[in-house]
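Just below is one structure, and these are the notes that go with it.
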Amino acid sequence: MPVGFIIKQDGSLTTLTIPSFTATSAVAHAFTTRHTGVSQAPFNSLNMDFKVGDDPQNVIANRDRVCGMLGVGLDRLVAADQVHGDQVLTVDLSHAGRGARSNGDALPGVDALVTAVPGLALSSYYADCVPLFFLDPFRRVVALAHAGWKGSVLRIGEKTVRHMVERHGCRLPNILAAVGPSIGPCCYEVDGAVMAQVEKCLPGEPQYTVQGRSGHWWLDLPQLNSRVLMQAGIKAENITLSGYCTACREDLFFSHRKQCGRTGRMASFIMLNGG
Ligand SMILES: [Zn+2]
């Protein structure tokens, strides 16, 4: 499995990109960092989400900045009101602008978005949860899925892949996937209730957890998700891991756990070219 998202500097804007996705020339895509936005502490400075208590005008300005770099207007952005569930939704031009300028009209109850429409930008929001990216460069279909521990053990990655195959005719060997920056096994301590769900998700595969202090474990969410993607039929060489822990790299990312809940959100974006 290749490891390493690439830091991309565009003017003063710093984002991360996925080498295998860039190589296809089929998409514009990004994972944002916390830098070079307009939000004030504790959302400093490129906070991308309305739901954290930031001034909505700052969020719009920050999103506008990243969308400008991607070459898309906010009226072509789509955002879901994420609920740590496993619902996957295909979106088209009728959804353009939903959740872009406020959370009020974000697509409710959805954690994964899929589209085959060029020029429509999918987005998803993070501060420690696992961002999953998908691209079939042959069928020209893209997807994003938000996988916190709940979405991860609900196998949202597998459900997104299945949706791409069943609804859009994607072929498993052609699908590229990426597991973005999230809290890593170095920093993510969970209790027995979470561990029980991990065991149900991947029975007989204890290698994604390490026993810590009594009743606690260190959980490797990025590896768990890549395992789920491989079980769904994605080739290991087609899965790119980011190589970043959001809690270790407070200098680069917002971390919900490290900053005790008072912080901003990064965003993942993907859009098929040619719209
Ligand atoms: Zn860490």
Margin query: Please go through (1) under 25 Å from Val88 (Cα atoms); (2) in contact with a Cys (Cβ under 9 Å, 6 or more places away or on another chain); (3) among the hydroxyl-bearing types (Ser, Thr, Tyr) for Ser242 and return the number of the only condition it doesn't satisfy.
Written below: (2)
Check: Somewhere in segment 242-250, is a residue crowded, with 19+ Cβ neighbours inside 10 Å and more than 16 Å from the ligand (Cβ to nearest atom)?
Finding: no
Checklist line | Candidate set: segment 229-241, residues that are more than 14 Å from the chain's Cα centre (by Cα) and over 20 Å from Val153 (Cβ atoms); chosen: the one farthest from the ligand (Cβ to nearest atom) | finding: Lys235
Next item on the list: Would you check which residues across segment 8-26 are outside any helix (DSSP H, G or I) and either surrounded by 23 or more Cβ atoms within 10 Å (Cβ to Cβ) or at positive phi (or both) and list them?
Entry: Gly11, Thr15, Leu16, Ile18, Ser25
Note to self: Let me confirm something: among Pro185, Pro222, which residue is surrounded by 14 or more Cβ atoms within 10 Å (Cβ to Cβ), part of a loop (DSSP other than H, G, I, E, B) and within 16 Å of the ligand (Cβ to nearest atom)?
What the structure shows: Pro185
Next item on the list: May I ask you to say which residue of Val114, Val179 is in contact with a strand residue (DSSP E or B) (Cβ under 6 Å, 6 or more places away or on another chain) and under 21 Å from Asp81 (Cβ atoms)?
Entry: Val114
Item checked: Gln211 being touching a strand residue (DSSP E or B) at 6+ places or on another chain (Cβ under 9 Å) and away from the ligand (no atom under 16 Å from the Cβ) -> yes
Notebook entry, point to check: Out of segment 102-128, which residues are touching a residue at least 60 places away in the same chain (Cβ under 8 Å) and not in a strand (DSSP E or B)?
Noted result: Ala116, Val117, Pro118, Gly119, Leu120, Ala127, Asp128
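Computed from the coordinates by the stated procedures, all read-outs in this text should not be read as laboratory data. Since the model is a prediction, treat every value here as computed from it, not as a measurement. Neighbour counts are summed over all protein chains in view; Cβ atoms, including those assigned to glycine, are modelled from backbone coordinates with ideal geometry.
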